[in-house]
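The values are calculated or read from the model by the stated rules, or taken from the named source; none is laboratory data. Fair warning: this is a prediction, and the values are worked out from it, not measured in the lab. With ideal geometry, Cβ positions are generated from the backbone for all residues, glycine too; neighbour counts draw on all protein chains shown. To get the accessible areas, we keep the full protein, side chains included, count just its heavy atoms, and leave off ligands, DNA and RNA. Shrake-Rupley method; radii C 1.70, N 1.55, O 1.52, S 1.80 Å.
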Amino acid sequence: AQTVTQSQPEMSVQEAETVTLSCTYDTSESDYYLFWYKQPPSRQMILVIRQEAYKQQNATENRFSVNFQKAAKSFSLKISDSQLGDAAMYFCAYRIPRTSGTYKYIFGTGTRLKVLA
Amino acid sequence: DTGVSQNPRHKITKRGQNVTFRCDPISEHNRLYWYRQTLGQGPEFLTYFQNEAQLEKSRLLSDRFSAERPKGSFSTLEIQRTEQGDSAMYLCASSGASAGGYYEQYFGPGTRLTVT
């Protein structure tokens, strides 16, 4: 069964600094998708960034980038120039391959990011 | 607002009562998902609809739980004879076709259920 592990329950970063959140996953599939979602306190989850397993190039979205290591089954999120608004719970998610006919996510347990002024 | 909406946002009920939650997905999305999130955990998949067809149900979805999506639009999740262990945030998400086949999911704000 596929699993997603986020080993850092909580991280802190100084405003304007860079922080990296870790995510590892276990799968025997070669085709899949990975996502990072942000869940601010009492607000809905927002997609931060996505990565397709077949793409070797790491995805970037403004201040957010990933380090995707397929062989190591690692998918870390780097946040550069951290801002107070980045404070949230961050979830890593794995999506079942499309060939299975479903598109459900498997989530990690999350990392709470605190941004210090 | 064209995002995913959920109602009610909060529900407090007594053990043994039935509750029903509603989810309105993004209008052009044909896929709809329900997840459950307990404190300190990531969301766990409950069930999935493609249009009006319920294509997958998790083992977490006991026979006290039922979900529908009539006409492939909004969806309802009903819990019968609620138990304290049902207390959680119930999240709805929807997805549609997107470039690259990502089918990324867009989440609603959730319904927080408290069973007393």
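For the range B:98-114, taking the residues that are open to solvent by 10 Å² or more (accessible area, probe 1.4 Å) and in contact (Cβ under 8 Å) with a residue 40 or more places away in the chain, the one that is farthest from the other protein chains (Cβ to nearest Cβ) is identified as B:Thr114. For the range B:23-38, a residue qualifies if it is of a type in the set (A, V, I, L, M, F, W, C) and within 11 Å of another protein chain (Cβ to nearest Cβ), and the qualifying residues are B:Leu32, B:Trp34.
When restricted to residues that are in contact with a strand residue (DSSP E or B) (Cβ under 6 Å, 6 or more places away or on another chain), more than 19 Å from B:Tyr35 (Cβ to Cβ) and within 11 Å of chain B (Cβ to nearest Cβ), the range A:45-103 contains 4. Annotation note: of B:Ser62, B:Ser94, B:Ser27, the sole residue that is in a strand (DSSP E or B) and either over 10 Å from the mean Cα position of the chain (by Cα) or under 14 Å from B:Gly110 (Cα atoms) (or both) is B:Ser94.
Taking the range B:82-97 as the range and being within 12 Å of chain A (Cβ to nearest Cβ) and modelled with pLDDT of 90 or more as the test, the residues that pass are B:Met89, B:Leu91, B:Cys92, B:Ala93, B:Ser94, B:Ser95. Is it the case that the range B:74-81 has a residue that's within 27 Å of A:Pro97 (Cβ to Cβ), open to solvent by less than 50 Å² (accessible area, probe 1.4 Å) and within 14 Å of chain A (Cβ to nearest Cβ)? Among the residues of the range B:74-81, not one is within 27 Å of A:Pro97 (Cβ to Cβ), open to solvent by less than 50 Å² (accessible area, probe 1.4 Å) and within 14 Å of chain A (Cβ to nearest Cβ), which makes the answer no.
Restricting the first member to the range B:1-30 and to residues that are closer than 21 Å to A:Leu47 by Cβ, and the second to residues that are acidic (Asp, Glu), the beta-carbon pairs closer than 9 Å and six or more apart or on different chains are B:Val4/B:Asp24; B:Ser5/B:Asp24; B:Gln6/B:Asp24.
Evaluation of A:Ala93 against the conditions (1) under 19 Å from B:Tyr106 (Cβ atoms); (2) small (Gly, Ala, Ser); (3) open to solvent by 20 Å² or more (accessible area, probe 1.4 Å) shows that the sole unmet condition is (3).
Applying the set (1) open to solvent by 60 Å² or more (accessible area, probe 1.4 Å); (2) part of a strand (DSSP E or B); (3) modelled with pLDDT under 95; (4) in contact with an Asp or Glu (Cβ under 8 Å, 6 or more places away or on another chain) to B:Tyr48 leaves exactly one unmet item: (1).
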